[in-house]
Amino acid sequence: MYKLLQMNDVVRIPPEKFGSPLETVAAEVLRASYEGIVMREFGAVLAVLNVQVSNVGKILPGDGAIYHKTSFDLLIYTPIIQEVVEGEVVEVTDFGVFVRIGPMDGLVHVSQVINDFITYDEKRGALIGKETQRVLEKGVSVRSRIITVSLSGGASRSSKIGMTMRQPYLGALSWIDEDVKKARGEKAPKGSADEKKGEK
């Protein structure tokens, strides 16, 4: 889920930036401090917006900089448990697939991919269902449900998001398309895994 969060902070304006517009320098300092980090209680920070700076600053003894109070908005992505998200498979391993959902990656463990026995084809870099012959590989668009979230402050790579695709109308978007057509009584598209299964 994306949201805007209103924040207040104090920004240090270094002496070498005194000639530059105050709001421009404050925005640069805030972007360097916030963008690209994960805040444990809120989520991944994507952008700093609408920066407003107090004209009155404070000088601290022993520091030539001026400190100004600021207010600004943070555009944040927060993964929510039970939220259904769409993303792209960015890595396939023998224990599951990593899916890019916005600015973060979530893991769909091999046990949560499909209701089928799955084999890992290392040469192809794909997970393949034994009965369904459904294939999951890098670049495939999928829909999944978030089931666990563990955010840690700092870089987004250290946060963990667990997801499942073992529920109706989740999985690769092409699989969902096939399932919807099947539910409507339409024929499976030519060359699809369901059509090949029907030929056996």
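Only the coordinates and a few stated rules stand behind these numbers; no lab work does. Quantities reported herein were computed from a predicted structural model and do not represent experimental measurements. Glycine also receives a Cβ, built like all others from the backbone with ideal geometry; neighbour counts cover every protein chain displayed.
A few notes on this one:
- Relative intensity, log₁₀ I(q)/I(0), of the stretch 84-185 from a Debye sum that treats every alpha carbon as a point, q = 0.11, 0.14 Å⁻¹: -0.32, -0.50
- Förster radius 30 Å - calculated FRET efficiency between residue 138 and residue 111, Cβ distance, rounded to 0.05: 0.90
- Extension gain for residue 121-residue 69 works out to 13.1 nm (0.36 nm per residue, less the C-alpha to C-alpha distance).
- For the stretch 32-44, 3J(HN,Hα) per residue [Karplus equation, 6.51 cos²θ - 1.76 cosθ + 1.60, θ = phi - 60°, Hz, x = Gly/Pro]: 5, 7, 10, 5, x, 9, 10, 9, 3, 7, 10, x, 7
- In the chain, the DSSP-assigned H stretches of four residues or longer account for a calculated mean residue ellipticity at 222 nm of -5000 deg cm²/dmol, using -39500 (n - 2.57) per stretch and the full residue count as denominator.
- Correct option for Rg/Rh (Cα atoms, Kirkwood Rh) [calculated from the coordinates] among [x] 1.01; [y] 1.07; [z] 1.19: [z]
- Long-range Cα-Cα pairs in the stretch 2-77 (distance over 20 Å), rounded percent: 32
- Between residue 46 and residue 95, the FRET efficiency estimated from the beta carbon spacing at R0 = 35 angstrom works out to 0.75.
- Relative to the current alpha-carbon distance between residue 160 and residue 181, full extension at 0.36 nm per residue lengthens the span by 4.1 nm.
- Restricting attention to the chain, close to 95% of DSSP beta bridges with both partner residues there are antiparallel.
- If the chain linking residue 54 and residue 84 were pulled fully straight, counting 0.36 nm for each residue of separation and taking away their Cα-Cα distance, it would gain 6.7 nm.
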